Number of protein chains: 2
Amino acid sequence: MPDKPIFPTPQDAEAAFYEAIERASLDMLMLVWAEDEDIVCVHPGGPRLTGYAAIREAWRRIFDGGPRLRIRLSGGTSVVTPFSAIHTAIEHISVRNDESQRAPVVATNIFVRGALGWRMVLHHASPAPPDTVNETPKILH
Amino acid sequence: MPDKPIFPTPQDAEAAFYEAIERASLDMLMLVWAEDEDIVCVHPGGPRLTGYAAIREAWRRIFDGGPRLRIRLSGGTSVVTPFSAIHTAIEHISVRNDESQRAPVVATNIFVRGALGWRMVLHHASPAPPDTVNETPKILH
């Protein structure tokens, strides 16, 4: 894998992000992030982490046990501007050798286009109520 | 108040957003949001709401009791592109006539620039650990 992969689309960067989590590859994961002191990561139930070093350290701890997470996404939404992409999705996370059902997680993923293609600048994940459906109805009545 | 106020900067739109919450003004609040089916709102601990109607309905319920919330922000971060602004902050929310301390909330607020100035396209709020400091250190060591 090259030192600085170029992600031609936000989708490429997002796919690399989740692949890196499933592989527990810290190097691969951190190549998805923009190198910016204002990048932000919020893990479910966790505090806001800002900056490359703090975000890297938190993922390093998550990956300590090796590859064990599987993440299925559903219900993606997208708002795109020329230099940014605002994605949300429901993450269905399972842990290897653990059959217990986990509550879904709402994730906001933001990517910004720079000289080296698209990079993540924000990941905000929070637990959703267990009865969250895959596709939130557009209208509540 | 005009039907369609123009927010010249993301900061103007964000200030109107929090002012509308403190006033419990649903009309004012909804004028801050872009009229787009892909707008997303996540209240602390809540499901992902997508689209103008679902988001409006959830805020209507929150505002049912009239103006009672006070929100102080700290530790803002910002990533700006020509057509979008990605803000995060810690919200310190208090409820009138209720002195109990509340856990801080991490908020991601996204604004996009359109023909009518800046409008909100995403608000993702989640409870943060109670010991979250106002300013997250940039480097953990």
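The values are calculated or read from the model by the stated rules, or taken from the named source; none is laboratory data. Small disclaimer: the values here were computed from a predicted structure and weren't measured. Ideal geometry is used to build each Cβ from the backbone, glycine not excepted, and the neighbour counts take in all protein chains shown.
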Quiz item: Does the stretch A:78-91 contain at least one residue that is under 16 Å from residue B:79 (Cα atoms), more than 14 Å from the chain's Cα centre (by Cα) and either loosely packed, with under 15 Cβ neighbours inside 10 Å or modelled with pLDDT under 95 (or both)?
Solution: yes
Quiz item: Can you name the number of the only condition in (1) among the small types (Gly, Ala, Ser); (2) in contact with a Leu (Cβ under 6 Å, 6 or more places away or on another chain); (3) within 29 Å of residue A:37 (Cβ to Cβ) that residue B:54 fails?
Solution: (3)
